[in-house]
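This report concerns only the one structure given below.
The values are calculated or read from the model by the stated rules, or taken from the named source; none is laboratory data. Everything quoted here is computed from the prediction, not taken from an experiment. Please note: Cβ atoms are built from the backbone with ideal geometry, for glycine as well, and neighbour counts cover all protein chains shown.
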Amino acid sequence: MNFTNLSERIKQSPPVEFGTVFNNSVELFKKVWLQGFLTLVLTFVSILPFYLLIYLPMIAMGISDPDVFEQQEIPPAFAGLMSLIAPIFSVGAMTVGICLNAAFLRICRKYDLNEMGRDDYFYYFKKQYLIKALILSLILLGLSLLGILTCGLGIVYLVVPMSLFPAFFAFDKELTALEIVKAGFALGNKNWLMIFLLVIVAGLVAQLGVILCLVGVFFTAMFSKIPIYFIYKDTVGISMDA
């Protein structure tokens with residue numbers, strides 16, 4: 001589906017219904033809780049190299065000069081190096097996160113529509129998708145910085161359209177990264193309050209795993225992603241060839 005057709009479909013889409021989306025999300029979660037857990041584990045494993053990239057300069061500096069961190073001020077060279085590495089880490093981690101979240105939404109479609117095939121967690125780690133995810137991550141980083149500059153109030157607004165980006169990335173492969181952003185804002189602005197409530201409530205439910213000695217949160221955390229699938233499905237519609 002091209003961007004023009006998608007925009008028209010968003011304009012004509014029915015409003016998001018909280019109860020329908022939430023109930024459907026609970027039912028689907030019963031089928032994909034294990035896939036959600038595996039996606040979360042793969043996310044942690046995949047971004048581990050970026051964490052090492054952050055701490056490697058600290059380790060190297062600590063080895064070369066054990067007293068360096070006892071000083072009150074951070075060495076200028078170290079501060080400059082960290083300021084260069086931190087954005088790279090953020091973009092890299094977000095790129096991996098977008099690809100794995102999109103793969104999880106694709107798996108959600110499989111179990112929701114009873115499709116055949118294997119659970120491909122690395123489906124979007126192909127070159128054409130990775131480049132688009134990288135560009136989308138740069139846009140996300142820019143939007144996040146703008147949200148922070150507005151004393152955090154902008155983040156509250158941006159959380160709705162940004163939460164929709166992985167769905168358009170997963171199911172509308174014809175779209176460019178910029179068109180994904182435009183589509184996310186178009187659908188998000190049309191149903192902002194209802195999507196915001198779903199994101200908040202789903203996020204709270206996803207934390208219920210903390211009750212099980214903290215370990216359970218790894219099994220419930222991905223519940224927060226499932227409402228996005230149904231929001232997209234109920235408004236835009238799911239294409240079978242995505």
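Residues that are among the hydroxyl-bearing types (Ser, Thr, Tyr) and touching a helix residue (DSSP H, G or I) at 6+ places or on another chain (Cβ under 6 Å) were ranked within the range 12-34; the one that is surrounded by the fewest Cβ atoms within 10 Å (Cβ to Cβ) is Ser13.
Summed over the range 94-132, residues that are crowded, with 18+ Cβ neighbours inside 10 Å and among the hydrophobic types (A, V, I, L, M, F, W, C) total 11. Restricting Phe218, Phe230, Phe165, Phe196 to those that are within 20 Å of Thr43 (Cα to Cα), of a type outside the set (Lys, Arg) and modelled with pLDDT of 95 or more reduces the list to Phe165. The one condition from (1) over 22 Å from Leu48 (Cβ atoms); (2) modelled with pLDDT of 90 or more that Ala133 does not meet is (1). Taking first residues from the range 18-36 that are under 17 Å from Asn114 (Cβ atoms) and partners that are assigned to a helix (DSSP H, G or I) and hydroxyl-bearing (Ser, Thr, Tyr), the Cβ contacts under 6 Å between residues at least 6 apart in sequence or on separate chains come to Lys31/Tyr111; Val32/Tyr111. Within the range 47-62, one or more residues are touching a helix residue (DSSP H, G or I) at 6+ places or on another chain (Cβ under 6 Å), modelled with pLDDT of 75 or more and either in a helix (DSSP H, G or I) or loosely packed, with under 15 Cβ neighbours inside 10 Å (or both).
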